[in-house]
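Take a look at the structure set out below.
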Amino acid sequence: MPNIPAAIIQQLQTATRMMQAGMFVQARPLLEQILCADPDLVQARWLLGGALLNCGDFTGAERAALAAIHLNPDTAALHALLGDALASQNRMQQAESALRHALVLDPRHVPAITSLAKVLLASGRAEDARSVIEECTSSVKATPELLLLRAQALLAGSKFSEAVSAYQQAIDAAPGNASAEIGLAVALGDSGQHVAAEAAVRGAMAKGLDTPESHFVLARSLLRMDRFDEAEAEFHRALHLRPDYFAAHTNLAEMIWMRTGNAEAASLELDATLHANPDLKTLRTLKAKLLEAAGDPQGALAELDAGLALSGDSAELHIAAAQTALKCDASRALKHAEHALKLLPETPLTLSTYGNALLASGRAEHAEALAAKILAVNPDDGLAIALQATAWRMLGDPRYRRLYDYEKFVRPGVIDTPEGWPNLPSYLDDLARELRQRHSLHTHPIGQSLRHGTQVDLVMERSQPAIRAFAQAIDGPIRRYMDAIGKGRDVLRRRNTGRYTLQGIWSVRLRSSGYHFNHFHPEGWLSSACYIQLPPAIGANGKEGWLQFGGPGFPTPPPLPPEH
């Protein structure tokens, strides 16, 4: 350290040792003292930024990083520090820019790689996070933390089998890593390996991992094996450790509701937590969704109004109230949506909620303009496409008919007989038997379109033989459909590459008078219902069980009945 007094060098060394020991609070005044003596000492500013970051002073850390960069703009570690400070303030786009600049300066800078992967994961960009890790670790050795982040990225990207292997790698690199062991249990469960998931999480708990997450993951494994009483006990244990654990509340309330159809029983834990902490907006929204699923939209709105009275304006509560009011009170829906738009503008959920409220209020011109604004940014936004189409229909715009060409795009078909079965009836018999075994609950889930029936998500790879073969049975019909519609410039056919990915498969079993309310799938470009087994009454009066197309999920002026 040329030209630096020996006393300052000694202080820097002391501060560095304190930082390495985690003594950030104690290091901070010493570093500030050094900088009073020498404001241009880059290393001191870098260390101070790290101390401030670890003390929770994120804006202070940002200032320290910027000051150090001003003095030495070509040091990757300084830009990495700036990225961490920005990410801690939830300024993810700026954080990504700073961290990518750090990697331009030094592509092998592991802290910047690690922080960038975290930022991308936090931004919902799992595939980008995985790509960054794999690209960078081709030239540097992957740390245990990077191996864990790669596993988390694969899990977030629904690559469950790959995630299982990745988590095992992370555990091998750092035996005893509780986060990796719990992640492995989650990946095993999501890939349908519920027995192995239970074993993994119980193994972690046997090593002393008694956390809300461990009990939650165990509960989810037990739930998927229909061991409902045990699952309920574990959800309660998770909530005992963390009373505001939203995911545990959601799963517990939904499980009790789907087992019993009793909204009051499903609300007990929610009500107790809200009584102790009445300003927990996510739990109040969950309670409202439960009441709506139970057929009580007015009770749901009262619950949300109570939350707004307690907490003042809340975008989350206004959005939930707008969505609930859509079907019963259009002016109320619009009022809530307008409040949400002022509080949280430009987010997809806010914009789609506001757009639907405009349609329900008969303001089709405004809805069409909003949809055009969204589509100018993202032409493939499924919510905006539906908003625009409905507005066009209300306005009598001829572009609607070109977009919603039922004769061209709605096609019935028969699935193929997969390998291992002599004919389609024998396959459907086996498939129906396996599916019936999966429908062990009493009523519909919360927040779905189903009413008077049960619904289960299907993990194809680890299911029974007939369920596992369903992906093969529908491959032919999907490819024949893509061939039949061909390519074009419209929103559907321009995406027809001849390849596809399954976004989701689930099974529904309807009871008497069961139905789906009108809805669409904004994350899917092709949707279909496959009827496996029908009761004798179907067809007796003409159209029981038929699909209907074109009707919105809420009333509009003028009314828009199904068209096809």
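Values as computed for the structure displayed
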quantity: Inter-residue pairs, beta-carbon under 8 Å, first aliphatic (A, V, I, L, M) and in segment 74-86, second surrounded by fewer than 24 Cβ atoms within 10 Å (Cβ to Cβ) and not in a helix (DSSP H, G or I), 6+ apart; calculated: Ala76/Asp106; Ala76/His109; Ala77/His109; Leu78/Asn72; Ala80/His109
quantity: Residue in segment 73-80 that is of a type in the set (Asp, Glu) and in a helix (DSSP H, G or I) present; calculated: no
quantity: Segment 257-273: number of residues that are touching a helix residue (DSSP H, G or I) at 6+ places or on another chain (Cβ under 8 Å) and touching a residue at least 40 places away in the same chain (Cβ under 8 Å); calculated: 3
quantity: So Val414, is it aliphatic (A, V, I, L, M), touching a residue at least 60 places away in the same chain (Cβ under 8 Å), farther than 30 Å from Thr350 by Cβ and open to solvent by 60 Å² or more (accessible area, probe 1.4 Å); calculated: yes
quantity: Filtered residues of segment 246-257 (kept if more than 13 Å from Leu280 (Cα to Cα) and surrounded by 19 or more Cβ atoms within 10 Å (Cβ to Cβ)); calculated: Ala248, Thr250, Asn251, Leu252, Ala253, Glu254, Met255, Ile256, Trp257
quantity: Odd one out for Arg100, checked against (1) out of contact with any Lys or Arg (no Cβ under 9 Å at 6 or more places or on another chain); (2) open to solvent by less than 50 Å² (accessible area, probe 1.4 Å); calculated: (2)
quantity: Residues that are touching a helix residue (DSSP H, G or I) at 6+ places or on another chain (Cβ under 8 Å), open to solvent by less than 90 Å² (accessible area, probe 1.4 Å) and assigned to a loop (DSSP other than H, G, I, E, B), drawn from segment 484-500; calculated: Gly486, Gly488, Asp490, Val491, Leu492, Asn496, Gly498, Tyr500
quantity: Segment 464-482 residues that are of a type outside the set (Asp, Glu), paired with ones that are crowded, with 16+ Cβ neighbours inside 10 Å and in a helix (DSSP H, G or I) (beta carbon under 6 Å, 6 or more apart); calculated: Gln464/Glu434; Ala466/Asp430; Ala466/Leu431; Ala466/Glu434; Ile467/Glu434
quantity: Test: residue in segment 231-245 that is under 21 Å from the mean Cα position of the chain (by Cα), of a type in the set (Phe, Trp, Tyr) and open to solvent by 50 Å² or more (accessible area, probe 1.4 Å); calculated: no
quantity: Enumeration of residues in segment 1-31 that are surrounded by 13 or more Cβ atoms within 10 Å (Cβ to Cβ) and not hydrophobic (A, V, I, L, M, F, W, C); calculated: Gln11, Thr14, Thr16, Gln26, Arg28
quantity: Meets criteria (under 25 Å from Gly189 (Cβ atoms) and not in a helix (DSSP H, G or I)) for His452; calculated: no
quantity: Pairs with Cβ under 8 Å, 6+ apart, first in segment 137-154 and surrounded by fewer than 16 Cβ atoms within 10 Å (Cβ to Cβ), second of a type outside the set (Lys, Arg) and not in a helix (DSSP H, G or I); calculated: Ser139/Pro107
quantity: Ala276 being in contact (Cβ under 8 Å) with a residue 12 or more places away in the chain, open to solvent by 40 Å² or more (accessible area, probe 1.4 Å), over 17 Å from Thr443 (Cβ atoms) and among the small types (Gly, Ala, Ser); calculated: yes
quantity: Hits in segment 501-556 - residues which are out of contact with any Asp or Glu (no Cβ under 6 Å at 6 or more places or on another chain), open to solvent by 80 Å² or more (accessible area, probe 1.4 Å) and either among the charged types (D, E, K, R) or not in a loop (DSSP other than H, G, I, E, B) (or both); calculated: Arg509, Leu510, Arg511, Ser512, Ser513, Tyr515, Glu523, Lys543
quantity: Residue satisfying all of: in segment 337-387; farther than 25 Å from Ser314 by Cα and of a type in the set (Asp, Glu); most open to solvent (accessible area, probe 1.4 Å) among these; calculated: Glu365
quantity: Ser191 being open to solvent by less than 10 Å² (accessible area, probe 1.4 Å), at pLDDT below 95 and polar (S, T, N, Q); calculated: yes
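So that you can scan it fast, the table gives a plain yes or no per residue for (1) β-branched (Val, Ile, Thr); (2) in contact with a helix residue (DSSP H, G or I) (Cβ under 9 Å, 6 or more places away or on another chain); (3) closer than 19 Å to Glu145 by Cα:
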| site | (1), (2), (3) |
| --- | --- |
| Pro5 | no, yes, no |
| Gln20 | no, no, yes |
| Ala51 | no, yes, no |
| Ala65 | no, yes, no |
| Thr75 | yes, yes, no |
| Ser115 | no, yes, yes |
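The values are calculated or read from the model by the stated rules, or taken from the named source; none is laboratory data. Not measured: the values here are computed from a predicted model. Don't worry about glycine lacking a Cβ; one is built from the backbone with ideal geometry, like all the others, and counts go over all protein chains shown. With ligands, DNA and RNA removed, areas are computed over all heavy atoms of the protein, side chains included. Shrake-Rupley method; radii C 1.70, N 1.55, O 1.52, S 1.80 Å.
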